[in-house]
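Engineer: Structure in C-alpha cells, see below.
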Amino acid sequence: MLTILKNANLIVAFLLELCVLVALGYWGFQTGQGMIAKIGLALGAPVVAVVVWALFGAPKAVWRLLGPWHLIVDVVFFGAAAVALLTVGQRQLAMAFALVVVINHVLVYVWGQ
C-alpha cells in the first residue's frame, strides 16, 4: 500500500511541474498588452521555466543542485506559478496549488524520494 502512495506522490510531483507551465502560460496570456505580447509571454515564460528546471531542478537535471540550493530552485519554480496565478486574480487556485506543492514536497522528503 505504501508503495502505491509513494508512486502516486511521484505522479503528483510530475503533474505539479506541468501545472507550473500552464500557470505561467496563462499568466503570460492574461498580462500581455496586444496579441503578439500575449503569445510571446504565454510561450516565453514556460520556456524559461523549463530551461531553468531542466538545468537545475529536475530529478535528472544537467546540474542538479542539492540541499538548500535545490530548495531555492523549488521555491522559485513552484512559487512563480503561485504568484502568477495570484497576479491574474486566481487567488483560490494559487492557494490550492501552493498547498498541494507543500504537501507533495513534505511527502517527497519524508519518504526519501
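Values quoted throughout were computed directly from the atomic coordinates according to the rules given, and no laboratory measurement underlies them. Treat the numbers as computed from the prediction; the structure is a model and nothing was measured. No Cβ is skipped: glycine too gets one built from the backbone with ideal geometry, and neighbour counts run over all protein chains shown.
Engineer: Does the stretch 1-64 come out rounded, prolate or oblate by the C-alpha gyration tensor, with a ≥ b ≥ c the root eigenvalues, rounded set by a/c under 1.5 and, if not, prolate when a/b is larger than b/c and oblate if not?
Structural biologist: Oblate, because a/c is 1.5 or more while a/b does not exceed b/c.
Engineer: Quick one: Cα centre-to-centre distance for the stretch 1-27 and the stretch 61-76, in angstrom?
Structural biologist: Value for the Cα centre distance between the two parts: 17 Å.
Engineer: Separate question: Would you mind checking which residues have amide H under 5 Å from GLN113's amide H? H placed 1.01 Å from N; only 5 or more apart, or other chain.
Structural biologist: none
Engineer: What list of ³J(HN,Hα) couplings, whole Hz, do you get for the stretch 62-74 from phi and the Karplus terms 6.51, -1.76, 1.60, once you set θ to phi - 60° and write x for glycine and proline?
Structural biologist: 4, 10, 5, 7, 10, x, x, 5, 5, 4, 4, 4, 4
Engineer: How much length, in nm to one decimal, is gained on full extension between VAL83 and ILE103, taken as 0.36 nm per residue of separation minus their Cα-Cα distance?
Structural biologist: Between VAL83 and ILE103, full extension yields an extra 5.4 nm.
Engineer: Also, quick follow-up: Step through the residues of the stretch 17-33 one at a time and calculate ³J(HN,Hα) from phi using the Karplus curve (6.51 cos²θ - 1.76 cosθ + 1.60, θ = phi - 60°), rounding each to whole Hz and writing x for Gly and Pro.
Structural biologist: Those phi angles translate into 4, 5, 4, 4, 5, 5, 4, 5, x, 4, 4, x, 5, 6, 8, x, 9 Hz.
Engineer: Moving on. Compare LEU41, LEU24, LEU55 in a GNM of the chain, Cα atoms joined below 10 Å, and give the one with the largest fluctuation.
Structural biologist: LEU55
Engineer: Next question, about the same structure. Which length gain, in nm to one decimal place, applies between LYS38 and LEU5 when the Cα-Cα distance is subtracted from 0.36 nm times their residue separation?
Structural biologist: Taking LYS38 through LEU5 to full extension adds about 8.0 nm, to one decimal.
Engineer: Which chymotrypsin sites (Phe, Trp or Tyr not before Pro) from the stretch 18-97 combine a DSSP loop assignment with at most 16 other Cβ atoms within 10 Å?
Structural biologist: Passing both the DSSP loop test and the Cβ count: TRP63.
Engineer: Same structure again: What's the whole-number percent of alpha carbon pairs in the chain lying beyond 23 angstrom? Intermediate results must be reported in sequence, preceding the final value.
Structural biologist: Details: 2002 of 6328 pairs.
Value for the chain: 32 percent of Cα pairs lie more than 23 Å apart.
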